[in-house]
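The values are calculated or read from the model by the stated rules, or taken from the named source; none is laboratory data. Computed from a predicted structure; not experimentally measured. Cβ coordinates were reconstructed from backbone atoms using ideal geometry, including for glycine residues, and neighbour counts include every protein chain displayed.
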Amino acid sequence: MKAAARDRAREALRRMTREDMRAADASIEGRLGEMRRTRDARRVAAYLASERLRECATSGFVRRALASGNTRVFVPLVSDASTSSMRMLEIEDPETDVERGAYGLPEPRATRADGSRRVDALEDIETVGALDVIIVPGFAFGEDGRRLGRGGGYYDAFLARYADACVRVNASPPLVVALAYECQICPPGVVPIDAHDRIVDVVVTESRSFACTSAGSDALA
């Protein structure tokens with residue numbers, strides 16, 4: 001079922017022109033910036049979009065968050081593909097702190113220019129504080145918050161580990177926000193999920209933002 005759903009999503013994305021995507025990206029980033037929880041976030045994790053994978057752009061949001069001087073930004077680095085292990089590492093400058101990884105995807109350099117370790121959102125949660133928002137990509141999303149990824153399980157695994165860490169340090173869980181084009185949205189109950197798959201709180205598209213959980217409703221109120 002998931003393979004068929006990914007094929008449908010892939011075909012829908014293929015039909016979008018680059019001009020369509022650029023216009024949609026501008027609308028999505030505008031809506032994302034209007035959300036109080038993202039606008040006021042002190043610590044945010046966001047994926048680095050791949051144009052090849054036709055993911056919704058995040059570069060504008062990341063640049064503005066860093067330029068504000070009030071928000072710490074963390075981006076994903078796959079640390080062990082065999083176990084779907086992913087870290088969220090802090091960056092200060094996307095121009096110098098990001099490189100192309102093994103699969104040609106943008107990812108943070110594992111260390112700073114001086115060789116020191118980057119701050120890790122999960123490992124350093126007690127000193128840094130919990131993330132306020134996590135922005136995730138996906139292949140397809142349901143209006144009920146179901147998310148279909150690309151099959152690696154990286155985000156589901158990270159979100160589960162991060163939720164456990166929040167409980168351990170008695171912190172509120174972050175708001176999970178998905179970015180998607182409208183052609184990736186399915187009616188409730190259509191997107192296939194497994195028991196370990198995480199429901200997102202809010203989905204933002206070029207034409208709307210909608211809540212999928214009570215936390216999402218509070219964020220959009």
From the residues in segment 19-36 that are of a type in the set (K, R) and modelled with pLDDT of 95 or more, which one is surrounded by the most Cβ atoms within 10 Å (Cβ to Cβ)? R31
Can you tell me which residues in segment 1-12 are among the hydrophobic types (A, V, I, L, M, F, W, C), surrounded by 11 or more Cβ atoms within 10 Å (Cβ to Cβ) and over 27 Å from L220 (Cα atoms)? A5, A12
Cβ pairs under 9 Å, 6+ apart, first in segment 79-93 and basic (K, R), second in a helix (DSSP H, G or I): R87/F158
Here are some conditions: (1) more than 16 Å from the chain's Cα centre (by Cα); (2) assigned to a helix (DSSP H, G or I). G60 meets all but one. Which one does it not meet? (1)
Taking segment 76-121, which residues are of a type in the set (K, R) and either out of contact with any strand residue (DSSP E or B) (no Cβ under 8 Å at 6 or more places or on another chain) or part of a loop (DSSP other than H, G, I, E, B) (or both)? R109, R112, R118
Among the numbered criteria (1) surrounded by fewer than 19 Cβ atoms within 10 Å (Cβ to Cβ); (2) touching an Asp or Glu at 6+ places or on another chain (Cβ under 8 Å); (3) of a type in the set (A, V, I, L, M), which single criterion is violated by M88? (1)
When both residues are 6+ apart or on different chains and their Cβ atoms are under 7 Å apart, which pairs have a first residue that lies in segment 204-221 and is touching a residue at least 60 places away in the same chain (Cβ under 8 Å) and within 20 Å of F139 (Cα to Cα), and a second that is part of a helix (DSSP H, G or I) and charged (D, E, K, R)? V204/R31; T205/E182; E206/E182; S207/E182; S209/R31
